[in-house]
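Let me begin by presenting the structure, written as structure tokens, before commenting on it.
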Amino acid sequence: MNSVAAVESPASVRQALQARISSMQSTRLDDDAFPVLPKMRGVLARGLRRGTVYSLTGSTSLALALVAAASQQGEWCGVLDVPDLGLEAAAGWGIDLDRLVWVSDPGERWMSTVGAMADVLGLVIVRPPTRVSASESSRLSARLRQARSTMLVLGDWPQSESEITVVSSSWTGLGDGHGHLADRRLDVEVRQGQRAGAPRRSQLRIPAGTIR
């Protein structure tokens with residue numbers, strides 16, 4: 001895994017990431033959407049659209065599940081200041097840790113740092129430290145469209161492509177007070193941004209230890 005522990009400037013982040021990616025001869029996938037794992041297609045049947053933002057609530061590591069397929073196909077991914085997303089969980093989803101960039105503690109430079117990451121990484125998982133204004137969101141959305149990158153936000157985000165919410169969960173594998181946890185069943189609701197229509201429901205079965 002590549003990690004940038006402290007951020008000196010957004011420009012330095014961008015230069016460091018470009019150098020690392022170039023050294024590994026990474027290439028972007030050419031489709032209009034990043035693929036998702038088969039078990040995730042009930043949530044996003046057409047994958048993750050490039051140049052857009054998705055907001056997720058109710059399960060932090062669900063973001064890892066959504067970027068796993070693209071990572072397995074060689075796409076670079078990033079995590080910005082989300083300390084509770086663990087490497088073990090990422091590896092459990094088959095995410096390539098050599099193409100996963102972790103940036104921590106951007107401080108007041110959060111917005112410019114995520115923009116710098118989006119310039120060179122296909123998928124970025126973030127948790128905004130404060131509420132983002134509509135104007136800030138619009139500027140970053142334009143940057144994502146230009147770079148054809150996708151951002152997964154843990155929390156609310158203005159004008160997101162889709163809002164993905166875990167509305168309930170339950171464990172399987174325990175019976176009559178003995179046994180062990182086998183997997184977790186998540187009931188997920190997907191709302192297509194500002195579009196009309198009722199939200200869509202889907203159920204996922206996730207291996208224990210990979211979802212929080």
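In percent, what relative contact order does segment 93-149 have, based on Cα pairs under 8 Å that are 6 or more apart in sequence?
39 percent.
Given a cut-off of under 8 Å on Cα pairs at least six residues apart, what relative contact order in percent is computed for segment 19-158?
The normalised contact order for segment 19-158 reaches 31 percent.
So which trypsin sites (Lys or Arg not before Pro) in segment 99-152 pass both tests, a DSSP loop state and at most 16 other Cβ atoms within 10 Å of the Cβ?
Working: sites: Arg99, Arg109, Arg131, Arg139, Arg143, Arg145, Arg148; in loops: Arg131, Arg148.
Qualifying residues, ordered by number: Arg131.
Step through the residues of segment 61-68 one at a time and calculate ³J(HN,Hα) from phi using the Karplus curve (6.51 cos²θ - 1.76 cosθ + 1.60, θ = phi - 60°), rounding each to whole Hz and writing x for Gly and Pro.
With the stated coefficients, segment 61-68 comes to 7, 4, 4, 4, 4, 6, 8, 4 Hz.
To the nearest µm²/s, what D does Stokes-Einstein give for segment 28-175 at 25 °C and 0.890 mPa s, using the Kirkwood radius over alpha carbon pairs as Rh? Don't skip to the end; give the middle numbers.
Details: Rh = 15.5 Å.
D = 159 µm²/s.
Coordinate-derived values only; no laboratory data. Quantities reported herein were computed from a predicted structural model and do not represent experimental measurements. Cβ: placed from backbone, ideal geometry, glycine included. Neighbour counts: every protein chain shown.
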